[in-house]
Amino acid sequence: MEPWNSTLGSGFLLMGILNDSGSPELLCAIMSVLYMLALTSNGLLLLVITVDSRLHVPMYFLLGQLSFMDLLFTSVVTPKVLLDFLRDENTVSFWGCALQMFLALTLGGAEDLLLAFMAYDRYVAICHPLNYMVLMRPRVCWLFVATSWILASLSALGHTIYTMHYPFCKVWKIRHLLCEIPPLLKLACADTSRYELMVYVMGVTFLIPPLVAILASYTLILFAVLGMPSNEGRQKALITCSSHLTVVGMFYGAATFMYVLPSSLHSSRQDNIISVFYTIVTPALNPLTYSLRNKEVMGALRRVLGTSILPTHSTI
């Protein structure tokens, strides 16, 4: 098959989940609702954390960063998917594809590292409460955030440059929701086996150590919580940590499927469903998972909005 110079052509065709769906209109409506939910919930959470001084503590600083990443992540993908469907136009230019890949990899990688730092924050808060404000002082928090962004952006830049340097064949339909490494490599006319191995190694390197750190942190937290004399304190700690673990499970499950499992176990349909999950569903659910069961966030939201409509009771 002849190489096709995508920089001179009209670009790629993104054949995402809406093209393969039996009810694309219904799916488009659901995705629109989830996107609006993600914008509203993450935007409100960011507003509350920024405005309310009672939430100016390390836990909520990191949570605000997570909301910011989710807001950007879903906005990199979802608006284009919806507009392309409504206009019946699925093309994306070579440079547009490269930019989307870079942004998606950066935001996904940064969230991966940030979740590990958030787990460490909970470990310190529960297991070493007297030293919490020393171990999680502002300089440490900013170091965590900067590390997440810098490492993720450097990794994303390297992967984007190397992926897009391949010659692509005339069959240039990307059967995926967005421009990502695995579906693009299927279009390459050159041998990509070594690079696919490198992607696998980098995926394991980026995903497994943070996941191990998270599981270790929550294991230590569990032992500490079970030894608490107060039932109320034990319940509060368990509910807070269960919210974090729910987010971790959703994110790492999807990321592991895409970048750690062998490509032979993937299908285009499965990849499309997984990509919808971590680019649209998870960003919409994350702020709800963290805030609905947290009386500090709900109380701050009532104060910021100046309304008594929100419920006054919550689990913690």
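The values are calculated or read from the model by the stated rules, or taken from the named source; none is laboratory data. Just so you know, these numbers come straight off a predicted model, no measurement behind them. Quick reminder, even Gly has a Cβ in these numbers, built from the backbone with ideal geometry, and neighbours come from all protein chains shown. For the accessible areas, the whole protein counts, side chains as well, though only heavy atoms, and no ligand, DNA or RNA atoms are used. Shrake-Rupley method; radii C 1.70, N 1.55, O 1.52, S 1.80 Å.
Give the calculated FRET efficiency between MET198 and THR91 to the nearest 0.05, with a Förster radius of 30 Å applied to their Cβ-Cβ distance. For MET198 and THR91, the calculated efficiency is 0.55. Working from Cα pairs under 8 Å separated by at least six residues, relative contact order for the chain is 28 percent. For the chain, the mean residue ellipticity at 222 nm estimated from helices alone is -24500 deg cm²/dmol, where every DSSP H run of n ≥ 4 contributes -39500 (n - 2.57) and the total is divided by all residues, rounded to the nearest 500.
Among VAL212, VAL48, the order of accessible area from largest down is VAL212, VAL48, computed with a 1.4 Å probe on protein heavy atoms.
Against the main long axis of the alpha-carbon atoms of the chain, helix 138-164 sits at an angle near 10°. Of THR246, THR256, the residue with the largest accessible area leads and the full order is THR246, THR256 (1.4 Å probe). Placing +1 on the Cβ of every Lys and Arg and -1 on the Cβ of every Asp and Glu, with no other charges, gives the range 58-166 a dipole of roughly 400 debye about its Cα centre.
Shown here is the pair-distance distribution of the chain: with all Cα-Cα distances grouped in 20 Å bins from zero up to the longest one, the shares run 30, 54, 15, 0 percent.
Axis of helix 24-51 versus longest Cα principal axis of the chain: the two differ by about 40°, to the nearest ten degrees. For the set ILE17, ILE30, ILE221, the ranking by accessible area, highest first and with no ligand, DNA or RNA atoms included, is ILE30, ILE17, ILE221 under a 1.4 Å probe.
Here the gap between MET133 and SER230, fully extended at 0.36 nm per residue and compared with their Cα-Cα distance, gives a gain of 32.7 nm. Using a probe of 1.4 angstrom and keeping all protein chains present, the accessible surface of the chain works out to 48 square angstrom per residue.
How do the peptides 59-72, 94-107 rank, highest first, by the average count of neighbouring beta carbon atoms within 10 Å per residue?
Result, highest mean first: 59-72, 94-107.
Please tell me the relative contact order of the range 207-303 in percent, rounded to the nearest whole number, where contacts are Cα pairs under 8 Å and at least six residues apart.
On the way: 36 pairs, mean separation 28.3, N = 97.
Normalised by residue count, the contact order of the range 207-303 is 29 percent.
Seen from all sides and averaged, what is the projected area of the convex hull of the Cα atoms in the range 162-268, in nm²? List each step's numbers first, then the result.
Values: hull surface 33.1 nm².
The Cα convex hull of the range 162-268, projected and averaged over all directions, gives 8.3 nm².
Within the accessible area of the range 128-283, the carbon and sulfur atoms contribute 71%, probe 1.4 Å, all protein chains present.
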